[in-house]
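**Q** I am attaching a structure below and will ask some questions about it afterwards.
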Amino acid sequence: MPVTPGAVAYVIANPAPASPDDVPETVVQVVDLKPIGSRFSFMASDGKDKIKAILSTHFASEVHSGRLQNLGLLRILNYACNDVPNKQDKILIITKCEVVSPALDAEIKSEVKVEEEPAVLSKPASIVLKPRQDVKSASQIVSEQRGNAAPAARLAMTRRVHPLLSLNPYQGNWVIKVRVTSKGNLRSYRNARGEGHVFNVELTDEDGTQIQATMFNEAAKKFYPVFELGKVYYISKGSLRIANKQFKTVQNDYEMTLNESAVVEEAEGETFIPPVQYNFVKIDMLGPYVGGRELVDIIGVLQSVSPTLSIRRKIDNESIPKRDIVVADDSNKTVTVTLWNDLATTVGEELLDMVDSAPIIAVKSLKVSDFQGVSVSTVGKSTLVINPELPEAEKLKAWYESEGKGTSMASVGAGMGASSPGSSRSLYSDRVFLSHITSDPDLGQGKPVFFSLHAHISHIKPDQTMWYRACNTCNKKVTEAIGSGYWCEGCQKNYDECALRYIMVIKVSDPTGEAWLSLFNDQAERIIGCSADELDRIRKEEGDDRFQLKLKEATWVPHLFRVSVAQNEYMGEKRQRITVRSESPVDFAAEAKYQLEEISKLTAC
């Protein structure tokens, strides 16, 4: 029989094996395989009984690659069987497994024969395993070693170490064995309830599952010197809750809180390197992450590498190295990745040497910003792997060799421009009226949201500051240097000349109202019809009348805008800021097609 008879009864009777060595041969059939978030669930069947099972996140690649299929066979190597809160049901959390067979022709349905004496019990009511010779039980090992063991070792032996994947807010006592893979600073805060301190760490277990642990006030002061980056700890007496998506930095549905009564003990002499778990986001799907706290992972083909620049940090006037690289993926989009510090110098130099070979790179923990529409940059805990041994890397390499190399790819930021009504993130997607934005003062709180508008420019204030002096190299603001020329803080150089770049506001109107939009150089040049330098020349040489006429010529012209809506604070007051990310004149043929599609949707209701 391909499945292990009585397997379901065995895992229910033995919900917490002490180690993978204590798990006997357990093969089940995968029935009703389906995704739940980033994981997959299924019914584990032994031919007679079934139990709901959940696979660890890092086994998702087995499903995506087609190795693990519905009606296939799976060997369970380690697990935890938990009670479902407020129900009589149990759920099987599989933390280690291997695929035995792809999909069978049908679901296995048979009764377990009592006389067969399988490796796992023939009778569910009285489960007996074949004894292992010269192997002591966990209780014997604990009783022999407890007296001489260190406190951390006793903590590990007296209670079973739980994988992070098996924890939930409804569990009582648990012990985890984790490595500190990121340690934050001890920060002070002040709110309506008073002042305090906060500190957090990111913890990773041997399976690569991560969780964020946060400590406040006295607990923060107590554990800040205890946790050291890279060391392994046993932790117990913490609490879990649903993770706040706005503040979470790891892929886990829960977050941990440790108070003063929590137990944290270093596992002396124990080390392990947890596997890196990726949760890749396609380049064309980076838009929703702009301005948020959630970090993303990307994988792509290296397209170009810039030289290293030295940027002076405003907070402490320290110079730090920066380098931009461009990567592409099979969404036919590219994105600029800004590397900082060591990633810009050591790894960046390595990438510069091999860019012509178009290597695959995987980057973990990137912050997404709205610079150049959409771009990403590394943070302190970011990692970059060249040509990783991952199924996604093999797939990308095959795509690039077969078709990607000859495909014309646009930047994901530029992809917000007008193309066609059906294209992803075009100026026809997420179309709203102005009133949808202006009537909701809280819109954009937390992280920016993106919309498309069809509106007319109704007014451009001639007396506003419409441009700034910019460096011809990096486009940053310059100041007049002592003596002559212009000083660029970004390049740390004096230049003889500079350029003017637009930064202005325009008022736009549609049938539902009007609003002020912030506009930057590229979009402003297309709207005004000339560069900022040229407009400045017109005002100085041809007079204010000609200058104002030039601005008036740009009004009452219809445009398509892609905008971001965010909350900014000014003089202690929160204000809504609408920023143009891309702009295009109205293509009346495409607009008519869009309107007809919208009408057909209404008539179909």
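**Q** So is residue 415 modelled with pLDDT under 85, under 19 Å from residue 451 (Cβ atoms) and not in a loop (DSSP other than H, G, I, E, B) or not?
**A** Working: modelled with pLDDT under 85: yes; under 19 Å from residue 451 (Cβ atoms): yes; not in a loop (DSSP other than H, G, I, E, B): yes.
In short, yes.
**Q** Within region 182-216, track down each residue that is open to solvent by 60 Å² or more (accessible area, probe 1.4 Å) and either of a type in the set (S, T, N, Q) or touching a residue at least 12 places away in the same chain (Cβ under 8 Å) (or both).
**A** Narrowing region 182-216 to residues open to solvent by 60 Å² or more (accessible area, probe 1.4 Å): 183, 185-193, 195, 206, 216.
The answer is 183, 185, 186, 187, 188, 191, 206, 216.
**Q** Go over the candidates 465, 473 one by one and state the one that is among the polar types (S, T, N, Q) and either modelled with pLDDT of 95 or more or more than 34 Å from the chain's Cα centre (by Cα) (or both).
**A** Working: 473 fails: either modelled with pLDDT of 95 or more or more than 34 Å from the chain's Cα centre (by Cα) (or both).
Going through 465, 473 in turn, the sole match is 465.
**Q** Looking only at region 42-68, which residues are among the polar types (S, T, N, Q) and buried (at least 17 other Cβ atoms within 10 Å of the Cβ)? Explain how you work it out, then say what you get.
**A** Pass one, region 42-68, residues among the polar types (S, T, N, Q): 45, 56-57, 61, 65.
Those that are among the polar types (S, T, N, Q) and buried (at least 17 other Cβ atoms within 10 Å of the Cβ): 45, 56, 57.
**Q** If you check every pair at least six apart or on different chains, which have Cβ atoms under 9 Å apart with a residue in region 365-383 that is without any contact (Cβ under 8 Å) to a residue 40 or more places away in the chain and more than 19 Å from residue 202 (Cβ to Cβ) first and a residue that is open to solvent by less than 10 Å² (accessible area, probe 1.4 Å) and among the β-branched types (Val, Ile, Thr) second?
**A** none
**Q** Also, I was wondering about something else. In region 335-357, what residues are part of a strand (DSSP E or B) and surrounded by 22 or more Cβ atoms within 10 Å (Cβ to Cβ)? Break it down stepwise before answering.
**A** From region 335-357, those part of a strand (DSSP E or B) are 335-340; that's our starting set.
Passing the criteria: 335, 337, 339.
**Q** From the list 189, 170, which residue is assigned to a loop (DSSP other than H, G, I, E, B), hydroxyl-bearing (Ser, Thr, Tyr) and more than 22 Å from residue 382 (Cβ to Cβ)? Walk me through it before giving the result.
**A** On the way: 189 fails: assigned to a loop (DSSP other than H, G, I, E, B).
Just one listed residue meets the conditions, 170.
**Q** Under the condition of being in contact with a Phe, Trp or Tyr (Cβ under 8 Å, 6 or more places away or on another chain) and within 15 Å of residue 583 (Cβ to Cβ), which residue from region 429-453 is surrounded by the most Cβ atoms within 10 Å (Cβ to Cβ)?
**A** So the residue we want is 453.
**Q** May I ask you to list the residues in region 217-231 that are modelled with pLDDT under 90 and either in contact with a His (Cβ under 9 Å, 6 or more places away or on another chain) or open to solvent by less than 50 Å² (accessible area, probe 1.4 Å) (or both)?
**A** The one that is modelled with pLDDT under 90 and either in contact with a His (Cβ under 9 Å, 6 or more places away or on another chain) or open to solvent by less than 50 Å² (accessible area, probe 1.4 Å) (or both): 230.
**Q** With respect to residue 32, is the statement that it is on the phi > 0 side of the Ramachandran plot and either within 32 Å of the chain's Cα centre (by Cα) or not in a loop (DSSP other than H, G, I, E, B) (or both) true?
**A** It is true that residue 32 is on the phi > 0 side of the Ramachandran plot and either within 32 Å of the chain's Cα centre (by Cα) or not in a loop (DSSP other than H, G, I, E, B) (or both).
**Q** Only one residue in 33, 55, 74 is within 26 Å of residue 175 (Cβ to Cβ), at pLDDT 85 or above and in contact with a strand residue (DSSP E or B) (Cβ under 8 Å, 6 or more places away or on another chain). Which one? I'd like the intermediate steps shown before the answer.
**A** Details: 33 fails: within 26 Å of residue 175 (Cβ to Cβ); 74 fails: within 26 Å of residue 175 (Cβ to Cβ).
After ruling out the rest, the residue left standing is 55.
**Q** On the given criteria, is residue 39 of a type outside the set (Gly, Ala, Ser), within 26 Å of residue 176 (Cβ to Cβ), open to solvent by 20 Å² or more (accessible area, probe 1.4 Å) and in contact with a helix residue (DSSP H, G or I) (Cβ under 6 Å, 6 or more places away or on another chain)?
**A** Details: of a type outside the set (Gly, Ala, Ser): yes; within 26 Å of residue 176 (Cβ to Cβ): yes; open to solvent by 20 Å² or more (accessible area, probe 1.4 Å): yes; in contact with a helix residue (DSSP H, G or I) (Cβ under 6 Å, 6 or more places away or on another chain): yes.
Considered against the rule, which asks whether it is of a type outside the set (Gly, Ala, Ser), within 26 Å of residue 176 (Cβ to Cβ), open to solvent by 20 Å² or more (accessible area, probe 1.4 Å) and in contact with a helix residue (DSSP H, G or I) (Cβ under 6 Å, 6 or more places away or on another chain), residue 39 comes out as yes.
**Q** Taking region 360-378, which residues are more than 30 Å from residue 521 (Cα to Cα) and out of contact with any Lys or Arg (no Cβ under 9 Å at 6 or more places or on another chain)?
**A** To start, the set of residues in region 360-378 that are more than 30 Å from residue 521 (Cα to Cα) comprises 360-365.
361, 362, 363, listed by residue number.
**Q** Of the residues in region 566-586, how many are closer than 25 Å to residue 525 by Cα and either touching a Leu at 6+ places or on another chain (Cβ under 8 Å) or of a type in the set (S, T, N, Q) (or both)? It would help to see each step written out before you state the result.
**A** First, pick out the residues of region 566-586 that are closer than 25 Å to residue 525 by Cα: 566, 576-586.
Now narrow it down to the ones that are either touching a Leu at 6+ places or on another chain (Cβ under 8 Å) or of a type in the set (S, T, N, Q) (or both): 576, 578-580, 582-586.
So the answer is 9.
**Q** Determine whether residue 478 is touching a residue at least 40 places away in the same chain (Cβ under 8 Å) and either of a type in the set (Val, Ile, Thr) or not in a loop (DSSP other than H, G, I, E, B) (or both).
**A** On the way: touching a residue at least 40 places away in the same chain (Cβ under 8 Å): no; either of a type in the set (Val, Ile, Thr) or not in a loop (DSSP other than H, G, I, E, B) (or both): yes.
The answer is no for residue 478.
**Q** State all residues of region 460-495 that are farther than 27 Å from residue 321 by Cα and surrounded by 15 or more Cβ atoms within 10 Å (Cβ to Cβ); if no residue qualifies, say none. If you could, list the steps in order and put the result at the bottom.
**A** Pass one, region 460-495, residues farther than 27 Å from residue 321 by Cα: 460-467, 483-484.
The answer is 460, 466, 467.
**Q** Restricting the search to region 260-274, which residues are buried (at least 16 other Cβ atoms within 10 Å of the Cβ), modelled with pLDDT of 90 or more and part of a loop (DSSP other than H, G, I, E, B)?
**A** Initial filter on region 260-274 (buried (at least 16 other Cβ atoms within 10 Å of the Cβ)): 262, 264-267, 274.
Imposing the further condition that a residue be modelled with pLDDT of 90 or more reduces the set to 262, 264-266.
Passing the criteria: only 262.
The values are calculated or read from the model by the stated rules, or taken from the named source; none is laboratory data. Here the structure is a predicted model, which means the values were calculated and not measured. As a convention, Cβ positions derive from the backbone with ideal geometry for all residues, glycine included, and neighbour counts pool all protein chains shown. Note: accessible area is taken over every heavy atom of the protein model, side chains too, but ligands, DNA and RNA are not part of it. Shrake-Rupley method; radii C 1.70, N 1.55, O 1.52, S 1.80 Å.
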